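What follows is a single structure, written as structure tokens, with notes after it.
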Amino acid sequence: MKKIFFCAFLLFGQFFLLKAQQKIAFKTGKIAPVIVSKVHSNSQPGLRLFLAGNFNGWNPADTLWKLHPDGHGSYYINKQLPKGVYQFKVTRGSWQMVECNAAGKPVDNRAINIGGDTTITLEIAGWQDNFVPVEKQHTASKQVHIISEKFDMPQLGRQRRVWIYLPADYAASKRKYPVIYMHDGQNLFDAYTSGYGEWGIDEILDKMPDKEESIIVGIDHGGEYRITEYDPYDSKYGKGRGGDYVDFLAKTLKPYVDGHYRTETDARHTTIAGSSMGGLISMYAALKYPDVFGNAGIFSPAFWIAAPDIYKYAQQHKLPAYSRFYFVCGDAESDSMVADMQKMADIIHAEGKNPEKAPVVIIKGASHNEKQWNGDFPGFYVWLMSK
């Protein structure tokens, strides 16, 4: 564990200029990385700055990663992280107020590889909300519908928008279809509602042969509740409500979908899938309800936040012979992503699941974003349909 120092300088009261340098000191013992971020602000009193990345579930307003004024026009934060690869951005509390380039265009995630004590100076050329926003266009295909803008979630005492994708021949046929339940519904079908780009699930499925059609149900994430709803265990981010969320999927949403649409209701034809925190909760759902979710798509899972509990939970559950898992991630997401995912896959393989029932796919150079998952989904879907 090493120390990491972040510094970001705000120039002219408006712009951040990038100047990154690393100072690595080798030390003995378990010394955790410490991130120190500084922002010189000449004319912005009350500025609220946050770091959002794969170290905190990409929460843009995580108070645990809020920078603090030092009383001299600068801001700082001290944090501990293990050695590894991290991706992040700087925000002012929401993705509408995220850093961008000097022309107002989105910038790629920052990527750092921490191997020792490090000093990093950050430059930010502008803020997204300082520019006239590009008018978003709806991109969802005509096969995408809204089941409800406020679907009741009694297990959580909340409501949520729920989407559904119906195959092109659904209205004309009498067929029953397999169903895939997916999280982060805002990002699945429509660029207008997506925060970071869409998966393009509808466009992908529109191109599939008729015999490989499925119904897709997308559940919006809960914004500030996203991390705790997708985590079955308590963490520094709050009380884990993942168990309640999964109960909602299995006991409330699936019965509703099966009662209102022509579905193949058995576990072999029911899949749960998601990425990052959605990958974690998909794994948990398939373990807790193997008689409901017979297949799981585990994309770039955030197992780190639930370790070691999620691994122990997997070891304690004997799965039916029909259970199948598809593990996929990029090797440029974080230093531990591949190892964490492989550890879970090894537990599943130890239960007798051969690589055909639980393949592990590592995408060279792929990062942690919707663009990657759009590219990963067709391979997953072909595997899913090849029962």
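If you take the residues of region 58-96 that are closer than 20 Å to G222 by Cα and polar (S, T, N, Q), which of them is least open to solvent (accessible area, probe 1.4 Å)?
If we take residues in region 58-96 being closer than 20 Å to G222 by Cα and polar (S, T, N, Q), then T91 is least open to solvent (accessible area, probe 1.4 Å).
Please go through region 168-194 and give me each residue that is open to solvent by less than 50 Å² (accessible area, probe 1.4 Å) and over 15 Å from A140 (Cβ atoms), ordered by number.
Initial filter on region 168-194 (open to solvent by less than 50 Å² (accessible area, probe 1.4 Å)): 169-170, 173, 177-191, 193-194.
Residues satisfying the conditions are D169, Y170, S173, Y177, P178, V179, I180, Y181, H183.
Hey, among the residues in region 132-163 that are polar (S, T, N, Q) and outside any strand (DSSP E or B), which one's farthest from G185 (Cα to Cα)?
First pass over region 132-163, keeping only residues polar (S, T, N, Q): 137, 139, 141, 143, 148, 155, 159.
Checking which are outside any strand (DSSP E or B) leaves us with 137, 139, 141, 143, 155.
Numbers: Q137: 17, T139: 14, S141: 14, Q143: 15, Q155: 19 Å.
Among those that are polar (S, T, N, Q) and outside any strand (DSSP E or B), it is Q155.
Scan region 174-206 residue by residue and report those that are of a type outside the set (A, V, I, L, M) and farther than 22 Å from T263 by Cβ.
At the first step, the residues of region 174-206 found to be of a type outside the set (A, V, I, L, M) are 174-178, 181, 183-187, 189-190, 192-200, 202-203, 206.
Selection gives Q186, N187, D190, Y192, T193, S194, G195, Y196, G197, E198, G200, E203.
Here are some conditions: (1) touching a Cys at 6+ places or on another chain (Cβ under 8 Å); (2) without any contact (Cβ under 8 Å) to a residue 60 or more places away in the chain. F299 meets all but one. Which one does it not meet?
(2)
Say whether the condition of being touching a strand residue (DSSP E or B) at 6+ places or on another chain (Cβ under 9 Å), among the β-branched types (V, I, T) and at pLDDT 95 or above is met by at least one residue in region 181-200. Can you show your working first?
Applying the first criterion (touching a strand residue (DSSP E or B) at 6+ places or on another chain (Cβ under 9 Å)) to region 181-200 yields 181-190, 193, 199.
Restricting the remaining residues to those that are among the β-branched types (V, I, T) gives 193.
Of the ones still in play, those that are also at pLDDT 95 or above are none.
The answer is no, given that none of the residues of region 181-200 is touching a strand residue (DSSP E or B) at 6+ places or on another chain (Cβ under 9 Å), among the β-branched types (V, I, T) and at pLDDT 95 or above.
All but one of (1) out of contact with any strand residue (DSSP E or B) (no Cβ under 7 Å at 6 or more places or on another chain); (2) not in a helix (DSSP H, G or I) hold for D335; which doesn't?
(1)
Quick one: E333 ticks every box in (1) surrounded by fewer than 20 Cβ atoms within 10 Å (Cβ to Cβ); (2) of a type in the set (D, E); (3) under 25 Å from E224 (Cβ atoms) bar one, so which box is it?
(1)
Which of the residues that make up region 146-157 are open to solvent by less than 80 Å² (accessible area, probe 1.4 Å) and in contact with a strand residue (DSSP E or B) (Cβ under 8 Å, 6 or more places away or on another chain)? Let's see the steps before the verdict.
Taking region 146-157 first, the residues open to solvent by less than 80 Å² (accessible area, probe 1.4 Å) are 146-148, 151, 153, 155-157.
Result: I146, I147, S148, F151, M153.
The values are calculated or read from the model by the stated rules, or taken from the named source; none is laboratory data. The structure displayed is predicted, hence computed values, not measured ones. Every residue, glycine among them, receives a Cβ derived from its backbone with ideal geometry; neighbour counts consider all protein chains shown. Ligands, DNA and RNA are excluded from the accessible area calculation, which covers all protein heavy atoms including side chains. Shrake-Rupley method; radii C 1.70, N 1.55, O 1.52, S 1.80 Å.
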